[in-house]
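Right, one structure below, let's go through it.
No value in this document is a laboratory result; all are computed from the given coordinates. Nothing here was measured: the structure is a model prediction, and the numbers come from that model. Note that each Cβ is placed from the backbone with ideal geometry, even for glycine, and that neighbours are counted across all protein chains shown.
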Amino acid sequence: MDDDTLLAEQLAYYRAGAGEYDRPYTEYAELRRLLTSVRDLPVGGHVLELACGTGQWTPLLAARAKTVTAVDAAPEVLALARARTADSTARTVRFVEADLFSWRPPRRYDTVFFAFWLSHVPPRRLPAFWDAVAGALAPGGRAVFVDDGPPGAAYEDVLAGHAVPTAVRRLGDGSRHRIVKVFHDGRTLAADLTALGWSARVRTTAAHIIGVAEPPEAGAPVPRPLP
């Protein structure tokens, strides 16, 4: 199974399960506590939110930002995100429906934020993903991210023996959907980012990682791993 096939199944899962997307936020206290971490993170200025989902994080970002551009590939979750931000924050939030692996923003941002998206990026696409994030950042900007850490969440079954790390999630109708699922270790991720020229700080909570990373300086040589 190649990246494209699995990513297409992953998108189909999020479209079909848009109405169930928020369930983990009600079932897991750790996730609710994690939402409050935004106030302690260096989020500000003009913010680009990747894979915004139903907008759980979007209003929290908007409360600290000049503007938020929130991007997702699934129109069903974007509809819910728009409804969630249909208040005073709506003036500062713009939603974009786009494939994050091909979309490039028309401007640069002070903060690029993504929650529970890095684990859905196939490993071989990670260098290009981080290059794209660096290209979206204004001088002095930062990437801020939150995700699952080892050993992973209880609401998915991890499959062994797949070239692309894969898990299966079930929806309320009983359907099963395969998704990309990479459980990042905070220390290893920080080292990988350093190898790509980034300055990164990644800490681990009970079940999650929280990271802040600054891209290589413009014009600086970017170290690459030895073949």
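Rounded to the nearest 0.05, what FRET efficiency do Leu159 and Thr205 have when you use their Cβ-Cβ distance and R0 = 22 Å? If you can, show how the numbers build up before the last one.
Working: r = 25 Å, r/R0 = 1.16.
Calculated value: 0.30.
Using θ = phi - 60° and the Karplus relation 6.51 cos²θ - 1.76 cosθ + 1.60, list the HN-Hα couplings for region 50-64 in order, rounded to whole Hz, with x at every Gly or Pro.
8, 6, 6, x, 7, x, 4, 8, 4, x, 5, 5, 4, 5, 10
Treat every Asp and Glu Cβ in region 73-197 as -1 and every Lys and Arg Cβ as +1, leave all other atoms uncharged, and give the resulting dipole magnitude about the Cα centre to the nearest 20 debye.
I would put it at about 260 debye.
What length, rounded to one decimal in nm, is gained on full extension from Arg125 through to Ala195, with 0.36 nm per residue of separation minus their alpha-carbon distance?
So the chain would gain 23.7 nm between Arg125 and Ala195.
Run the dipole for the chain about the Cα centre, Lys and Arg Cβ at +1, Asp and Glu Cβ at -1, nothing else charged, and hand back the magnitude in debye, nearest 20. Numbers along the way, then the final one.
Numbers: 26 positive and 26 negative charges, 116 e Å.
Dipole magnitude for the chain comes out near 560 debye.
What does DSSP give for the chain in terms of the percent of beta bridges that are antiparallel, rounded to the nearest 5?
Bridges in the chain are about 50 percent antiparallel.
Have a look at Ala65, Pro105, Gly211 and report the one farthest towards the positive end of the charge dipole of the chain, computed about the Cα centre with Cβ charges (Lys/Arg +1, Asp/Glu -1).
Positive-end residue among those listed: Ala65.
Give, as a single signed number, the net charge of other residues whose beta carbon lies under 13 Å from the beta carbon of Arg107, with Lys and Arg counted +1 and Asp and Glu -1.
Spelling it out: positives minus negatives among the neighbours equals +3.
What does the extension gain come out to for Thr67 and Arg176, with contour length at 0.36 nm per residue minus their alpha carbon separation?
Once the chain is fully extended between Thr67 and Arg176, it gains 35.5 nm.
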